Amino acid sequence: MRALILSDIHSNIDALEAVLHAAPAYDVVWNLGDVVGYGATPNEVVERVRGLGEVFVRGNHDRACSGLIHAEEFNPVALFAVRWTQQELTRENMDWLRELPRGPVHPDKLRVNCVHGSLQNEDQYILSLRDAQQQLEASSARLTFFGHTHTQGGFVVNPDGDGATLTPIYSSHDEMDFYEFQIRKGSKYLINPGSVGQPRDRDWRAAFALYDSKAQSVTFGRVPYMVQAAQIRIQRAGLPESLGTRLRLGR
Ligand code: ZN
């Protein structure tokens, strides 16, 4: 089974279509949340991902934009986008967002976790080795896919004699489009596919990952897309200009 793993699409239909076009062949799609928020095409993105499969976890922007949580703690730009998205979403798409499950979900039986933030807290950012270590100790699954940080990469803990070593996994090297690695027996992984629609790892290209359960491999992918088209949509929608400029900067 080959799973295309998407996260943090953030209402960016241009980036999503580019990923779906460029991704290697896949059987299923696993979506790690933040389908909406920030970008200018919430309905288009919701309707597209709804047709791609059934494995979803909700993100904090999905909860805010569908009215499940108040967004007062969001920064002013994010809050503006939440309010705009609430006005824009159709009733049906808003209801669909509200029903998205909280992670973790286990699409490949108990061997895989899918979360937005972390296993215990859907709003937690896993950024440091220390955060990663806590997660890997708490998980019995070999693979945990997470999003929320908009940073492609992850962490692996390898059994190592009498202890274990934890190391970061870097996704892209220079301008590589694909980076594949093998899942080692006895190791546990935390893997972030990166953000489709608003990368923040200083690479503007749309990010995704592909998990192959038979080959026991993970591939990180990056694909260029029409950033300018997404920026024009943001401008025409009357959303804050910074939401467009940051797309080109990848941050
Ligand atoms: Zn996000």
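Each residue of segment 138-143 in turn: what ³J(HN,Hα) in whole Hz from Karplus with 6.51, -1.76, 1.60 and θ = phi - 60°, glycine and Pro shown as x?
7, 9, 8, 7, 6, 10
Taking N as the number of residues in segment 188-237, what value does Rg over Cα atoms divided by 2.2 N^0.38 Å take?
Numbers: Rg = 14.1 Å, N = 50, 2.2 N^0.38 = 9.7 Å.
With N residues counted in segment 188-237, Rg over 2.2 N^0.38 Å equals 1.45.
With +1 on the Cβ of every Lys and Arg and -1 on the Cβ of every Asp and Glu, and nothing else charged, how large is the dipole of segment 84-224 about its Cα centre, in debye rounded to the nearest 20? Spell out each step's value before the answer.
Values: 15 positive and 18 negative charges, 66 e Å.
In total the dipole reaches around 320 debye.
After finding the eigenvalues of the alpha carbon gyration tensor for the chain, what semi-axes result from the square roots of 5 times each, listed largest first in whole Å? Walk me through the numbers on the way to the answer.
Details: eigenvalues 167, 71, 57 Å².
Whole-Å semi-axes of the equivalent ellipsoid: 29, 19, 17.
I need Y125, Y225 ordered by Cβ neighbour count within 10 Å, fewest first.
Details: Y125 14, Y225 23.
So the residues, fewest neighbours to most, are Y125, Y225.
Output the peptides 36-43, 164-171 sorted from most to least packed, where packing is the average of other Cβ atoms within 10 Å over each peptide's residues.
On the way: 36-43: 26.9, 164-171: 15.5.
Packing proxy ranking, top to bottom: 36-43, 164-171.
From the C-alpha gyration tensor of segment 1-100, pull out the three semi-axes of the equivalent ellipsoid (sqrt of 5λ each), sorted largest to smallest, in whole Å. The partial results should precede the final answer.
Values: eigenvalues 112, 35, 27 Å².
Semi-axes from the Cα gyration tensor: 24, 13, 12 Å.
Work out the length of the dipole vector of the chain about its Cα centre, built from +1 on the beta-carbon of each Lys and Arg and -1 on the beta-carbon of each Asp and Glu, and round it to the nearest 20 debye.
120
Residue by residue through segment 4-18, what is 3J(HN,Hα) from phi via Karplus (6.51 cos²θ - 1.76 cosθ + 1.60, θ = phi - 60°)? Round to whole Hz and write x for glycine and proline.
8, 10, 10, 8, 6, 6, 6, 6, 10, 5, 5, 5, 4, 4, 5
With n ≥ 4 as the cut-off for DSSP H runs, can you work out [θ] at 222 nm for the chain, using -39500 (n - 2.57) per run divided by the number of residues, rounded to the nearest 500?
Values: 8 runs with 75 residues, N = 251.
Calculated mean residue ellipticity at 222 nm is -8500 deg cm²/dmol.
Could you tell me the convex hull volume per residue, in Å³, taken over the Cα atoms of segment 44-89? All intermediate terms of the calculation are to be shown ahead of the outcome.
Working: hull volume 3.5 nm³, N = 46.
In segment 44-89, the Cα hull volume divided by residue count equals 75 Å³.
What is the sum of charges around V77, taking Lys and Arg as +1, Asp and Glu as -1, for the other residues whose C-beta is under 10 Å from the C-beta of V77? Could the numbers behind the result be given before it?
Working: positive: R246; negative: E241.
Computed value for this residue: 0.
What residue among T41, L129, F74 has its Cα farthest toward the positive end of the dipole of the chain, where the charges are +1 on Lys, Arg and -1 on Asp, Glu, each on the Cβ?
Comparing the listed Cα positions along the dipole, L129 ranks first.
Summarise the long-distance tail of P(r) for segment 104-193 by giving the % of C-alpha pairs beyond 18 Å. Show your work: numbers first, answer last.
On the way: 1650 of 4005 pairs.
Result for the distance tail: 41 percent.
Here, each number is a calculation from the coordinates, and none is a lab measurement. Since we're looking at a predicted model, the values are computed, not measured. We place every Cβ from the backbone using ideal geometry, glycine too, and count neighbours over all the protein chains shown.
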